[in-house]
Every structure is written in structure tokens, then in C-alpha cells.
Amino acid sequence: MPVKIRLQRHGSKKRPFYFIVVADARAPRDGKFIQKIGTYNPLTVPASVQLDRQKALDWLHKGAQPTDTVRRILSYKGVLYLKHLLRGVKLGLFDDAAAMEKFQKWHGEHEIALKKRAEENRKTRPGRRGPGGPPMRRVERTDRPERTDRPERTIEKKSEGGAKQEA
């Protein structure tokens, strides 16, 4: 039975929200699943992802194949990097403590980069009231003169015979 780690869509029309699930590859997208391992909300900036790293890692070790989108999510959360480090431990390249130290260092740098990206996005978002800025108001322009150079329009009506008459 081929097992996939994939997204299961929830939410309303044009407001997607996804569960990250482990499911049989033959099951329908929103159908039966084996285990729910997280959630993904693409509407927030940056996208919010809640993921049980240990469950995802266990399923990857068992041979579950992530879809392309879930692979990017797992990479974003560091699960694939952790799997890579644990493979190095298994091969004897370094010990478990060194692997966890490398992962913690990466995770700290990643969190700082995420906070920085979220802050920059919040500052550059147009049309929103910032934390010290005045509310956005529509300004009426009074310095513009009325246009009087437009020609008058005449409305032409067709009579029953096909000849045009002016109204």
C-alpha cells in the first residue's frame, strides 16, 4: 500500500485551509486518511504551518512519500534537514549530539529570518494602517476645474423604416 504525506483541503470557497495528513495514495483527496500530522494556512504572510515534526519524521523513515507542496513545507520546517542529519548519524559521520546541535543552530537562524520577513511585510503592506500612522482617508480634489469642452451628444433613434431620427 503506497502511503503519501499530502494536503487535505478544508475551508470555504477562495479561503483555503489544509490539514497535512498521511493517507493511502489511492484514497480521495479529502477522504479517508491514516493520521493527521499538521495544518497549513496559505492566507497568512508568511504562511502559517503547524506540524508535528516527530510524526512526520517517523512517517518519512517508514517510506511515506510527500507530495511536492508538502515536501516544500517539510523543508521549510526543517524535517527534511533533520532526516538528512539523522542519516549522517546512521552512517557514522557524526554523533547524535552533533546532529541535534546543527539542527538547533539552523532552527534559530531560520526563526530570525522568518521574524524579519514578517516584519518587512507588515511595514510594506499598502493600504493598511500601521502602528503609528494615520488612518487612510480619501481626499477630494477641489483644484480640478469642470470640463466644458465636451461636445453635446445627440441620441439617434431608428424608426421602423430604418431611417434615423434625432430625438
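The values are calculated or read from the model by the stated rules, or taken from the named source; none is laboratory data. Bear in mind the structure is a predicted one, so any value in this text is a computation, not a measurement. Ideal geometry is used to build each Cβ from the backbone, glycine not excepted, and the neighbour counts take in all protein chains shown. Surface areas here come from the heavy atoms of the whole protein model, side chains and all, with no ligands, DNA or RNA. Shrake-Rupley method; radii C 1.70, N 1.55, O 1.52, S 1.80 Å.
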Problem - Distance between modelled label sites at Ala97 and Gln54, nm, 7 Å Cα→Cβ extension - result: 2.2
Handout entry: Assigned charges on the beta-carbon of Lys, Arg, Asp, Glu; region 78-117 dipole about Cα centre (debye)
Key = 240
Practice task
Compute the relative contact order of region 1-132 as a whole-number percentage, counting only Cα pairs closer than 8 Å that sit 6 or more residues apart in sequence.
Solution key: 18
Exercise for the section: Just add up the charged neighbours of Ser75: K/R +1, D/E -1, any other residue whose Cβ is under 13 Å from the Cβ of Ser75. Expected result: +4
Practice task
Set Lys and Arg Cβ to +1 and Asp and Glu Cβ to -1, take the dipole of region 71-113 about its Cα centre, and tell me which of Leu80, Met100, Ile112 lies farthest positive.
Solution key: Leu80
Fill in the blank from the handout: Computed about the Cα centre, the charge dipole of region 1-109 from +1 Lys/Arg and -1 Asp/Glu charges at the Cβ has a magnitude in debye, to the nearest 20, of 580
Handout entry: Percent carbon-and-sulfur accessible area, region 7-128, ignoring ligands, DNA and RNA, probe 1.4 Å
Key = 52
Completion exercise
Sorted on mean Cβ neighbours within 10 Å (highest first), peptides 74-86, 23-35, 45-57, 110-122 come out as 74-86, 45-57, 23-35, 110-122
